[in-house]
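Below is one structure, written out as structure tokens; the observations come after it.
The values are calculated or read from the model by the stated rules, or taken from the named source; none is laboratory data. Worth saying up front: this structure is predicted, and the values here are computed from it rather than measured. Neighbour counts are summed over all protein chains in view; Cβ atoms, including those assigned to glycine, are modelled from backbone coordinates with ideal geometry.
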């Protein structure tokens with residue numbers, strides 16, 4: 001507890017885009033409940049707090065920490081371990097902390113290739129060919145930056161995690177619901193769910209939330225949605241030849257993307273009982289292909305322009321695969 005009697009709250013941003021922090025602010029007036037019931041002691045994007053402030057706290061002094069982002073460098077892993085010690089409840093918040101998300105796709109490439117793409121392709125002006133170095137000698141002394149890890153890891157691959165909130169980012173109404181539960185627990189009106197629970201997520205799939213009609217149609221090809229002249233607003237997108245990951249994705253988002261005419265991309269992670277997201281999607285794809293001919297099936301599958309990026313867009317780092325051979329050999 002702080003001097004004013006409030007429990008302490010922290011939020012941290014590791015290897016991610018920052019959208020999770022914005023999602024918390026998007027709960028609108030509910031953010032006032034956070035301020036009224038917690039003392040925000042560490043939230044780098046919102047308050048001026050330093051690492052040394054956290055290091056000076058007693059172990060377990062922070063009641064609740066929302067940790068978003070994956071473990072891409074040594075600083076990320078250091079802060080994960082530090083906040084684990086200082087927090088009573090540590091939540092993996094958002095897809096990056098849960099599954100690795102888009103940054104996790106870099107696990108298919110070695111570090112050298114990642115740096116080459118970042119610092120030597122047409123989008124970057126770097127005539128001197130400079131690359132990041134863990135240590136650089138400057139006039140004032142030695143300048144150090146965190147070492148880049150060979151693979152990106154999820155939060156629970158580095159420290160013990162109490163709860164998980166999925167999403168890229170988590171939906172604001174789900175965040176608000178979780179806050180209500182925490183406040184009820186603080187007031188003695190509720191109990192925390194079992195450790196390891198997935199919060200703010202449904203028990204089924206996006207398909208079960210989706211209002212589009214499924215007619216168990218068979219398709220003769222896959223196409224990108226922008227290549228279709230007309231999209232039927234009522235029929236399942238997968239049955240129209242558009243790769244939609246709703247069959248493998250946990251419910252909880254109210255199927256926002258299919259409602260808007262866009263395929264589900266899988267940001268809420270694997271549905272309950274799905275061991276590997278990509279494997280489940282391969283099964284879903286196989287179920288709608290209208291052919292028993294090997295060559296014809298190959299032609300249909302060739303319409304999937306980026307299978308790895310489609311089947312493992314959000315969860316490669318936490319899948320059965322976790323990484324590709326190239327980056328694994330560099331680890």
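Do we find that residue 49 is modelled with pLDDT under 90 and assigned by TED's automatic domain parsing to the domain that holds residue 182 in this structure?
Working: modelled with pLDDT under 90: yes; assigned by TED's automatic domain parsing to the domain that holds residue 182: yes.
Yes: the conditions hold for residue 49.
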Number of positions in the stretch 198-213 that are exposed (fewer than 13 other Cβ atoms within 10 Å of the Cβ) and either touching a strand residue (DSSP E or B) at 6+ places or on another chain (Cβ under 8 Å) or farther than 23 Å from residue 95 by Cβ (or both)
2
Of all residues being more than 20 Å from residue 179 (Cα to Cα) and touching a helix residue (DSSP H, G or I) at 6+ places or on another chain (Cβ under 8 Å) in the stretch 70-85, which is surrounded by the most Cβ atoms within 10 Å (Cβ to Cβ)? Just the residue, please.
70
Only one residue in 258, 263, 247 is in contact with a strand residue (DSSP E or B) (Cβ under 8 Å, 6 or more places away or on another chain), surrounded by 13 or more Cβ atoms within 10 Å (Cβ to Cβ), outside the structural domain of residue 164 (by TED's automatic domain parsing) and within 22 Å of residue 170 (Cα to Cα). Which one?
247
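Any chance the stretch 91-101 includes a residue that's under 14 Å from the mean Cα position of the chain (by Cα), assigned to a helix (DSSP H, G or I) and under 26 Å from residue 37 (Cα atoms)? Outline the logic, then answer.
Within the stretch 91-101, the first condition is being under 14 Å from the mean Cα position of the chain (by Cα), and the residues that meet it are 91-101.
From the residues that got through so far, the ones that are assigned to a helix (DSSP H, G or I) too are 95-99, 101.
Filter once more, keeping what is under 26 Å from residue 37 (Cα atoms): 97.
The answer is yes; a qualifying residue exists.
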Inside the stretch 25-49, can you point out the residues that are part of a loop (DSSP other than H, G, I, E, B) and in contact with a strand residue (DSSP E or B) (Cβ under 9 Å, 6 or more places away or on another chain)?
38, 43, 44, 45, 46, 47, 49
Going by the conditions given, is residue 236 farther than 26 Å from residue 107 by Cα, free of Cβ contacts under 8 Å to residues at least 40 places away in the same chain and buried (at least 21 other Cβ atoms within 10 Å of the Cβ)?
yes
